[in-house]
Amino acid sequence: MSENLKPYPKYKDSGVGWLGQVPEGWEIGRLKDAAAVQTGLTLGKTYKGMETQAYPYLRVANVQHERLDLRDVRYVDVPADEARGCTLRSGDVLMTEGGDIDKLGRGCVWYDEVSNCLHQNHVFAVRCKPAMLLPEFLVALMSSPHGRTYFELTAKQTTNLASTNTTTLRAFPVLLPPLNEQVAMMRFLDRVDRRIRRYIRAKQKLIGLLNEQKQAMILKAVTLGLNPHVRLKPSRVEWLRVVPEHWDILRARYLFRETDERSQTGAETHLSMSQKLGLVPSELVEQRTLISESYVGGKLCDKDDLVLNRLKAHLGVFAIAKQAGVVSPDYTVLRPTRPMVVSYYERILRSPGFRHELRTRAKGIVEGFWRLYTGDFYDISLPFPPLEEQRSIVEAIDAQIAGFDRLANSTESDIALLREYRNRLIAQVVTGKLDVRAAAAALPDEPDEPEDTELLDDDTQTEGEEPEVEPEEA
């Protein structure tokens with residue numbers, strides 16, 4: 001669809017150093033010339049003696065790149081006059097005031113998804129002049145290298161975050177192609193985007209299927225062994241059902257004991273829990289949710305200890321310590337009490353098929369704060385195959401997983417390339433490097449089929465429910 005696109009016939013200097021040349025018929029102005037920037041509601045004010053009513057309002061957390069997250073829309077009581085100045089209108093472009101430097105300026109179009117909705121003062125509402133600027137074009141332009149470069153040069157930065165303001169936003173050098181060209185560009189990009197999303201969705205579903213097959217393979221191997229002809233016996237354990245006749249069934253108290261040795265100096269290697277990497281030195285984990293200033297009083301673990309995040313126990317967040325170190329004091333450190341292949345039990349305890357057992361034993365009122373206490377863990381019944389068989393099972397699982405992971409990683413790479421292609425194409429189109437007018441005019445008028453966007457977020461998790469980095473409780 002984009003293979004035969006060519007540049008515009010003639011170009012001129014944009015006057016913006018990093019932007020270079022733009023098509024000859026395009027204008028360049030400041031955002032304030034083509035749009036109004038509306039600031040939002042400042043929370044925390046008191047309105048004593050004034051009549052108020054409840055209004056929904058958007059926070060920074062609700063505004064994502066090119067989409068809205070409306071699962072948690074909150075309400076605030078304000079007078080009608082106060083609300084009037086920060087009420088959203090359909091077609092407003094929402095942008096956040098602060099965050100990661102590469103997220104500044106990136107936002108989405110508001111299509112009046114919630115009636116009479118306000119926006120917080122940390123969310124800008126940019127209202128485009130209909131005769132000059134399409135909201136969708138502005139969103140694409142802001143997320144292009146042109147927009148990112150502008151905010152990187154003008155944003156106020158602290159150690160971890162960056163912010164902008166209305167003055168800087170209004171001064172943004174905005175490209176202003178003729179309105180009919182903006183319409184053509186958005187029509188073309190919308191069609192390309194739909195195709196790419198279909199490809200990505202199909203590949204994400206493949207990854208999900210691979211992970212389902214992998215988890216089923218693991219559960220079968222750790223509960224039934226590798227010999228399909230072995231005689232089975234009832235386990236008298238609800239989650240386990242049957243096991244090979246020669247296996248033992250033991251409660252966890254006869255396999256592990258909790259250790260609670262504390263760091264006196266906090267100088268030991270700090271280990272963090274990661275979905276992909278397991279329990280590893282914290283510097284290997286790219287993203288941390290909470291970082292402690294001191295690890296004095298943290299729990300010590302040895303190599304081959306089994307470590308549990310008690311707050312995430314119902315999700316099977318167990319990992320083997322690959323080296324000695326210090327972990328969060330809210331983790332449970334479990335040490336084998338008899339010869340075993342610890343990775344065999346890590347596979348069992350992390351498997352989705354075992355999570356019902358963990359959920360029934362975890363305690364708490366709110367799911368995010370359920371805990372699995374050691375006494376409840378000790379009561380869990382687990383299979384205990386002969387030691388050599390444990391080793392053979394783990395080796396077979398690792399070999400099969402390598403095949404699953406190679407295909408999944410290749411598919412993930414395909415998805416990354418598709419997204420990179422999409423972003424590069426959008427940038428080339430909205431900055432005038434490619435002319436799509438003829439291609440847009442040739443597109444058929446038939447409407448596209450409704451699309452399922454359930455799997456399209458960049459941060460979609462495709463392996464279990466576990467987040468990339470497990471939060472630690474100080």
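Can you check what the net charge comes to around ILE218, using other residues whose Cβ is under 9 Å from the Cβ of ILE218 (Lys, Arg +1; Asp, Glu -1)?
Counting the neighbours of ILE218, the net charge comes to +4.
Tell me which lysines have Cα within less than 25 Å of LYS220's Cα, excluding those fewer than 8 residues away on the same chain?
LYS205, LYS233, LYS276, LYS312
Lysines within cross-link reach of LYS156: Cα-Cα under 23 Å, excluding same-chain residues under 8 positions apart?
Result set, ordered by chain and number: LYS32, LYS103.
What FRET efficiency do you get for ALA399 and ASN180 if R0 is 51 Å and r is their Cβ-Cβ distance, rounded to the nearest 0.05?
The calculated FRET efficiency here is 0.30.
Starting from the Cα-Cα distance between LYS220 and ASP100, subtract it from 0.36 nm times their residue separation and give me the gain in nm to one decimal.
38.9 nm
Be a star and scan segment 316-350 for residues whose amide nitrogen sits under 14 Å from the point 7 Å along the Cα-to-Cβ vector of LEU284.
In segment 316-350, the label zone of LEU284 (backbone N under 14 Å from the point 7 Å along Cα→Cβ) covers 319-326.
Can you tell me the dipole magnitude for the chain around its Cα centre, using point charges on the Cβ only (Lys, Arg +1; Asp, Glu -1), in Debye to the nearest 20?
Around 100 debye, computed over the chain.
Could you tell me the extents of segment 1-123's C-alpha atoms along the three principal axes, largest first, rounded to whole Å?
Its Cα atoms span 64, 30, 26 Å along the three principal axes.
Multiply the residue gap between GLU66 and GLU152 by 0.36 nm, knock off their C-alpha separation, and tell me the result in nm, one decimal place.
That works out to 29.0 nm of additional length.
Assuming 0.36 nm per residue, please report the length gained on full extension of the stretch GLU113 to VAL16 beyond their Cα-Cα distance.
Computed gain between GLU113 and VAL16 is 31.3 nm.
Determine ³J(HN,Hα), in whole Hz, for all residues of segment 399-408 in sequence, where each value follows from phi through the Karplus function 6.51 cos²θ - 1.76 cosθ + 1.60 and θ = phi - 60°; x replaces Gly and Pro.
Per-residue couplings from phi come out as 5, 6, 4, 4, x, 4, 5, 4, 5, 5 Hz.
Tell me what the chain gives for mean residue ellipticity at 222 nm when only DSSP H runs of n ≥ 4 count, each as -39,500 (n - 2.57), the sum divided by the residue total, rounded to 500 deg cm²/dmol.
Roughly -10000 deg cm²/dmol at 222 nm, from the helical runs in the chain.
From the residues TYR47, PRO9, GLY29, which one has its Cα farthest along the dipole of segment 1-73 in the positive direction, the dipole being from +1 and -1 charges on Cβ of Lys/Arg and Asp/Glu about the Cα centre?
Working it through, the farthest residue towards the positive pole turns out to be TYR47.
Determine ³J(HN,Hα), in whole Hz, for all residues of segment 425-431 in sequence, where each value follows from phi through the Karplus function 6.51 cos²θ - 1.76 cosθ + 1.60 and θ = phi - 60°; x replaces Gly and Pro.
Working through the residues one at a time gives 5, 4, 4, 5, 6, 6, 9 Hz.
Measure off 7 Å from each Cα along the Cα-to-Cβ vector at THR166 and GLU238, then give the distance between these two points in nanometres to one decimal.
Simple spin-label model gives 5.9 nm for this pair.
Sort 28-36, 118-126 for me by packing, meaning the mean count of neighbouring Cβ atoms within 10 Å per residue, highest on top.
Descending mean neighbour count gives 118-126, 28-36.
Please state, as a whole number in µm²/s, the translational diffusion coefficient that the Stokes-Einstein equation yields for the chain at 4 °C and 1.567 mPa s, with Rh defined as the Kirkwood radius across alpha carbon pairs.
D = 49 µm²/s.
Take ALA80, project a point 7 Å from its Cα along the Cβ direction, then tell me which residues of segment 113-136 have their backbone nitrogen under 20 Å from it.
Answer for this model: 115-119.
Out of all DSSP beta bridges with both ends in segment 4-141, state the antiparallel percent to the nearest 5.
Around 90 percent of the beta bridges assigned by DSSP in segment 4-141 are antiparallel ones.
Bear in mind these aren't lab numbers, they're just calculated from the coordinates by the rules spelled out. Remember, it's a predicted structure, so these values are computed and weren't measured experimentally. Neighbour counts run over all protein chains shown; Cβ positions are idealised from the backbone, glycine included.
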